[in-house]
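These notes concern the structure reproduced below.
The values are calculated or read from the model by the stated rules, or taken from the named source; none is laboratory data. Predicted, not measured: the structure shown is a model, and the values here were computed from it. Please note: Cβ atoms are built from the backbone with ideal geometry, for glycine as well, and neighbour counts cover all protein chains shown.
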Amino acid sequence: MKPHYNIPVFIPHLGCPFQCIFCNQNKIASNRGIPTRAELITTIDEHLDTIGTSGENIELAFFGGSFTAIDRKLQEEYLSAVQPYLKSGQISSIRISTRPDFIDDNILQLLLRYGVKTIELGVQSFSDEVLKASGRGYRRDDVFKASRFIKSFGFKLGIQLMIGLPGDSQALDMESTRQAITLAPDMVRIYPTLVIADTPLELLFQRNQYRPLNLSEAIATCKEMFLEFQQNDIAVIRMGLYPGKELLSPGNIVAGPFHPAFGELVEQEVFKEQAGMAIQRYKVKIKADSELIILVHEKDISKMTGNRKSNLDYLKSRFHLQDIKVRSYSAYTRNTVGLAVGNESEPLYTLTRKEFMKLRK
Ligand code: SF4
């Protein structure tokens, strides 16, 4: 399978009339400004030079959250600038992200005409109370309407959710997860809420009226959501904000569960629990003084091992084992955990992700 490349283009929503509690739109807009058509073309050319391959699997991604809420002329200017690349096949598709309340027939017709394939909705929550407390300016019914509309046009649908917003709870996050699943999105992103400087949320935080999740709470909630989506065959394509220069600029993150590899931490937790279940189920056949080998797909080795071998240390101590090692097993697909003992190279026991999810219910 050829690797997928995204050419990211950030379009700030200048003059956005909303004030989402977590957003420092003024700072973002003043730092970046909106790209001109010429700048967009330069960005595309530079990325294509770096990627150095032809267009299959190369996608132009307009992100910034409100593409269809910006001036329509500007939308057309950007989309028309990409057309020569689509026609020549250098770029295969366009992806945009936007708000659920800026989707209607005219907008979708326009996006269809210009070859947009994927629309990601910044949903954030399916709870009207959380949406209200976060200043999002729409209700969950708008999300349902927009999502169904997007699908009826044949676009791929992405849903972005946030956890830890004011008024939120793990129970509400799981409810949002279940609601999102009913819409059968093609992909999901999950972002823990961070307190960013110069936002209304920072004020609440300074006044002790808002407490962000800590890192372990955020990991625990994301893990449950991730597994729920995985069980329903919905791809979670990102967990945690992209640790770009702007986000990481000194003083920008005031508080909250930030980690540059947040998604990796969540998946490490999943592997830890899955391996724990495998050992538990096979325990009687493992002698305490034997060396246990955990077998996984080669790309899952670091997720299984954990940061600084934390998963292996945890399992070793929990099951009083002499030693645990992780090895790749070529016959395994991703997210599978197998057990072998000593010098055995074949698994004695295998637990797939699907089996694990069924058993933990
Ligand atoms: S996150 Fe909210 S406030 Fe910020 S630009 Fe988007 S809609 Fe506007």
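Only one of Gly64, Gly115 is within 16 Å of the ligand (Cβ to nearest atom), in contact (Cβ under 8 Å) with a residue 12 or more places away in the chain and either within 15 Å of Ile150 (Cα to Cα) or within 23 Å of the chain's Cα centre (by Cα) (or both). Can you tell me which?
None of the other options fit; the residue is Gly64.
Determine the pairs where a residue that is within 16 Å of Ile94 (Cα to Cα), located within the stretch 135-161, has a partner that is within 15 Å of the ligand (Cβ to nearest atom) and of a type in the set (A, V, I, L, M) with Cβ atoms under 8 Å apart, the partner being 6 or more residues away or on another chain.
Close Cβ pairs satisfying both conditions: Ile150/Ile103; Ile150/Leu121; Leu157/Leu121; Gly158/Leu121.
When you go through Thr350, Thr333 one by one, which is the residue that is more than 25 Å from Phe262 (Cα to Cα) and at pLDDT 95 or above?
Thr350
Quick one: how many residues across the stretch 321-344 are surrounded by 13 or more Cβ atoms within 10 Å (Cβ to Cβ) and either in a helix (DSSP H, G or I) or among the hydroxyl-bearing types (Ser, Thr, Tyr) (or both)?
Selection size over the stretch 321-344: 4.
Can you report the number of residues in the stretch 202-212 which are in a helix (DSSP H, G or I) and surrounded by fewer than 14 Cβ atoms within 10 Å (Cβ to Cβ)? Walk me through how you get there before you give the answer.
Kept after step one, since they are in a helix (DSSP H, G or I), are these residues of the stretch 202-212: 202-206.
Those left that are additionally surrounded by fewer than 14 Cβ atoms within 10 Å (Cβ to Cβ): 203, 206.
Residues meeting the conditions: 2.
Of all the helices (runs of 4 or more DSSP H) wholly in the stretch 119-201, which have at least 1 residues that are buried (at least 23 other Cβ atoms within 10 Å of the Cβ) and within 16 Å of the chain's Cα centre (by Cα)?
On the way: elements: 128-133, 140-152, 170-182.
Counting at least 1 such residues, we get 170-182.
So for the stretch 14-24 (the condition being more than 16 Å from the ligand (Cβ to nearest atom), closer than 30 Å to Asp141 by Cβ, out of contact with any His (no Cβ under 6 Å at 6 or more places or on another chain) and at pLDDT 95 or above), does at least one residue qualify?
no
Filter the stretch 228-256 for residues that are in contact with a helix residue (DSSP H, G or I) (Cβ under 6 Å, 6 or more places away or on another chain) and closer than 20 Å to Ser176 by Cα and give the result.
Matches in the stretch 228-256: Glu228, Gln231, Asn232, Val236, Met239, Gly240.
Please find, among Phe229, Phe271, the residue that is more than 17 Å from the chain's Cα centre (by Cα) and buried (at least 18 other Cβ atoms within 10 Å of the Cβ).
Of Phe229, Phe271, the one residue that is more than 17 Å from the chain's Cα centre (by Cα) and buried (at least 18 other Cβ atoms within 10 Å of the Cβ) is Phe271.
Can you find even one residue in the stretch 234-248 that is more than 30 Å from Phe205 (Cα to Cα) and surrounded by 14 or more Cβ atoms within 10 Å (Cβ to Cβ)?
Within the stretch 234-248, one or more residues are more than 30 Å from Phe205 (Cα to Cα) and surrounded by 14 or more Cβ atoms within 10 Å (Cβ to Cβ).
Which of (1) buried (at least 17 other Cβ atoms within 10 Å of the Cβ); (2) farther than 23 Å from Ile150 by Cα; (3) modelled with pLDDT of 90 or more is the odd one out, the single condition Ile28 does not satisfy?
So Ile28 meets the others, but not (3).
How many residues are buried (at least 21 other Cβ atoms within 10 Å of the Cβ), assigned to a strand (DSSP E or B) and not β-branched (Val, Ile, Thr) when one looks only at the stretch 48-87?
Total meeting the criteria: 2.
Any chance the stretch 132-147 includes a residue that's at pLDDT 95 or above, of a type in the set (A, V, I, L, M), in contact with a strand residue (DSSP E or B) (Cβ under 7 Å, 6 or more places away or on another chain) and in the same structural domain as Phe10 (by TED's automatic domain parsing)?
Yes, the stretch 132-147 contains at least one residue that is at pLDDT 95 or above, of a type in the set (A, V, I, L, M), in contact with a strand residue (DSSP E or B) (Cβ under 7 Å, 6 or more places away or on another chain) and in the same structural domain as Phe10 (by TED's automatic domain parsing).
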